[in-house]
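The values are calculated or read from the model by the stated rules, or taken from the named source; none is laboratory data. Since we're looking at a predicted model, the values are computed, not measured. Here Cβ is always computed from backbone atoms with ideal geometry, including for glycine, and neighbour counts include all displayed protein chains. Ligands, DNA and RNA are excluded from the accessible area calculation, which covers all protein heavy atoms including side chains. Shrake-Rupley method; radii C 1.70, N 1.55, O 1.52, S 1.80 Å.
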Amino acid sequence: MDEIVLWIITYVIIAFIIGGVSGWIWCANTRRNRLSDVKDRAKIILDQAEQAAETVRKTSQLEARESWRKEREPIEREFEEKSRNQQKHEADLNSREKQLNRKFDVLDGKEHTLQKQEDLLSKQEIQLAATMKHADELQDQHQQHLEEIANLSQSQAREIIFNQLEENARQSAAKKVRSITDNAMAKANLEAREIITRSIHKFAGKLAIESTVSVVDLPSDDMKGRIIGRDGRNIRSFEMITGVEIIVDETPGIVMLSGFDPLRREVAKITLEKLVLDGRIHPGRIEEIHEKALQDVEELTRESGSKAAFDLGIHDMDEQLLESLGKLRFYTSYGQNLLAHSEEVGYIAGMMAESLDLDIALARRSGLLHEIGNSLTSETGSNPDQLGASMARKCGESDEVVHVMETYAKNSPSRSAIATLVDAANEISVCRPGAQKEKSEEYTQRLKHIETLAETRLGVRKAYALQNGKEIRILVDSDILDDSDADQLAEDFSEMLENEVDNLGQIRVCVIREIRSVHFAR
């Protein structure tokens, strides 16, 4: 039994050994086969890498050649272009060189010709100097002979001749100047009168007369007590909110609003009228109605400015300018409503521009805007005319319009025809009959001032202002002034009036010089 077990163990060990040797041999063969496969794959990969590298190398060479070709082509073209330009430049230089050579030849010929002429002129100059010397000697002999015959020296004769020539020239010049002036004035006055008359006839402006007091009608005198309120509460609130004073007196059926700002006074008037119509008057209601009145006046201002511009055919004006233009509705100057005056000036200037073939739109626009600065003085307190020109420039108005406004603001001489037309239209609107309210004392003082200015002139005996100050007749002393001096006096006095009298209009200056010969028979 033990032997059998021993044999079994022996067979098992032998089988195990044989199996281990067989397994080792099999594993060794497997490793050799795998190593061979790996080497084959590595070789394949290396071959593929070499082929890819070769492909990349050939592609890179082709790309490099293509890039070199592309870079070479513009360089070659540029080189060829430079070569052609150089050849052309060389050809131009050769052509200019030939031209210069030809010019040098021509100049050499001219130089020889000039040299010959210069020699000839030198000889002629010597001959002329000798001739002039001989002529001077003859003139001296002739002058000495004349002095001996006339018994006068040369300076005395020259003085007599100069005096005669000067007197003749002065008289001839005075007659000629007077003739030219009369003809020019006749033609200019006729044409100007026709243009101005035609312009005024085509426009009939309405002038509104305003003052510093506005009147509000009341339905009954009981309303005065309600306006005043308990212990004056309502009237104090109204004056504080509106900035306008209420005058309540014994005049039946009315109260008056007093204030120097016409725009503020108009707002206060509308506010009070609405309060009277509503019947409820207390501080809160006054403030509420005042806000609505402000809106109404602003709307009325915009409508007035737009209407004035529309009436003159102006459709592209800035809104700020239209609003400021509408405010002129509430301002007056010498009793003239400034909006109506501005519209009238624009229309008259446009009509005159039409008659003279000038820019009608520019004339109307400049005339309409020339007083716009007066609506800004209450806000800034500066010179209204300069404010108007500055505002027009900020609002995009053209340089021509701003120039006209600046000319009017600075009261300087006009440098354009349109500025002259606007100034003339303004004078027509201001100085025509009925345009302004003028106190009788101021009117009398104005006439007296004109007469006094005339009587201070040398040679004036008496002066009279006639036709409501539109004509001044000056009587001069005939022993002191002659006809030419009288004409010069009229011209000088006209300039004096233009410089020293405001709102002149047109004044006819008539100088009268007469000679009276008196004899007595016995």
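Take segment 395-422 and flag every residue that is open to solvent by 50 Å² or more (accessible area, probe 1.4 Å), assigned to a helix (DSSP H, G or I), at pLDDT below 80 and under 20 Å from Glu495 (Cβ atoms).
Lys410
Which is modelled with pLDDT of 75 or more and more than 30 Å from Leu338 (Cβ to Cβ), of Arg178, Arg170, Arg233?
Just one listed residue meets the conditions, Arg233.
Can you tell me which residue in segment 446-472 is farthest from Arg508 (Cα to Cα), limited to those that are in contact with a Leu (Cβ under 6 Å, 6 or more places away or on another chain) and not in a loop (DSSP other than H, G, I, E, B)? Write out each step before concluding.
Quick first cut of segment 446-472, residues in contact with a Leu (Cβ under 6 Å, 6 or more places away or on another chain) only: 459, 461-462, 465, 469.
Among the residues that remain, those that are also not in a loop (DSSP other than H, G, I, E, B) are: 461-462, 465.
On the way: Arg461: 18, Lys462: 16, Ala465: 10 Å.
Going through the qualifying residues, I end up with Arg461.
Looking at Glu76, Glu80 in this structure, which one is modelled with pLDDT under 85, out of contact with any strand residue (DSSP E or B) (no Cβ under 7 Å at 6 or more places or on another chain) and of a type outside the set (A, V, I, L, M, F, W, C)?
None of the others qualify; the one that does is Glu76.
Here are some conditions: (1) open to solvent by 100 Å² or more (accessible area, probe 1.4 Å); (2) modelled with pLDDT of 85 or more; (3) among the hydrophobic types (A, V, I, L, M, F, W, C); (4) under 60 Å from the mean Cα position of the chain (by Cα). Phe104 meets all but one. Which one does it not meet?
The single condition Phe104 does not satisfy is (2).
The rows are residues; the columns are (1) surrounded by 10 or more Cβ atoms within 10 Å (Cβ to Cβ); (2) modelled with pLDDT of 85 or more; (3) within 60 Å of the chain's Cα centre (by Cα).
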{"residue": "Ile4", "(1), (2), (3)": "no, no, no"}
{"residue": "Ile8", "(1), (2), (3)": "yes, no, no"}
{"residue": "Arg34", "(1), (2), (3)": "yes, no, no"}
{"residue": "Ser60", "(1), (2), (3)": "yes, no, no"}
{"residue": "Ala91", "(1), (2), (3)": "yes, yes, yes"}
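Just checking, does segment 359-374 include any residue being within 15 Å of Leu321 (Cβ to Cβ), surrounded by fewer than 24 Cβ atoms within 10 Å (Cβ to Cβ), modelled with pLDDT under 80 and under 20 Å from the mean Cα position of the chain (by Cα)?
Within segment 359-374 (the criterion being within 15 Å of Leu321 (Cβ to Cβ), surrounded by fewer than 24 Cβ atoms within 10 Å (Cβ to Cβ), modelled with pLDDT under 80 and under 20 Å from the mean Cα position of the chain (by Cα)), the answer is yes, since at least one residue qualifies.
Looking at segment 389-402, I want the residues that are in contact (Cβ under 8 Å) with a residue 60 or more places away in the chain and under 15 Å from Leu325 (Cα atoms) and have a partner that is small (Gly, Ala, Ser) and surrounded by 15 or more Cβ atoms within 10 Å (Cβ to Cβ) with Cβ atoms under 7 Å, at least 6 apart or on another chain. Which pairs are those?
Partner pairs satisfying both residue conditions: Met391/Ser324.
Among the residues of segment 332-343, is there at least one that is touching a residue at least 12 places away in the same chain (Cβ under 8 Å) and open to solvent by 50 Å² or more (accessible area, probe 1.4 Å)?
yes
Can you name the residue in segment 203-230 that is under 30 Å from Asp311 (Cα atoms), surrounded by fewer than 18 Cβ atoms within 10 Å (Cβ to Cβ) and among the polar types (S, T, N, Q) and is also modelled with the highest pLDDT among such residues?
Taking the candidates together, the pick is Thr212.
Looking at (1) under 42 Å from the mean Cα position of the chain (by Cα); (2) modelled with pLDDT of 80 or more; (3) not in a helix (DSSP H, G or I), which is the only condition Phe493 fails?
Exception for Phe493: condition (3).
Pick from segment 344-375 the residues that are among the acidic types (Asp, Glu) and in contact (Cβ under 8 Å) with a residue 24 or more places away in the chain: which of them is nearest to Glu427 (Cα to Cα)? Can you show your working first?
Going residue by residue through segment 344-375, those that are among the acidic types (Asp, Glu) are 344, 354, 357, 359, 371.
In the following step, the residues that additionally are in contact (Cβ under 8 Å) with a residue 24 or more places away in the chain were identified as 344, 359, 371.
Working: Glu344: 11, Asp359: 20, Glu371: 13 Å.
So the residue we want is Glu344.
For segment 305-323, how many residues are touching a Phe, Trp or Tyr at 6+ places or on another chain (Cβ under 9 Å) and crowded, with 19+ Cβ neighbours inside 10 Å?
1
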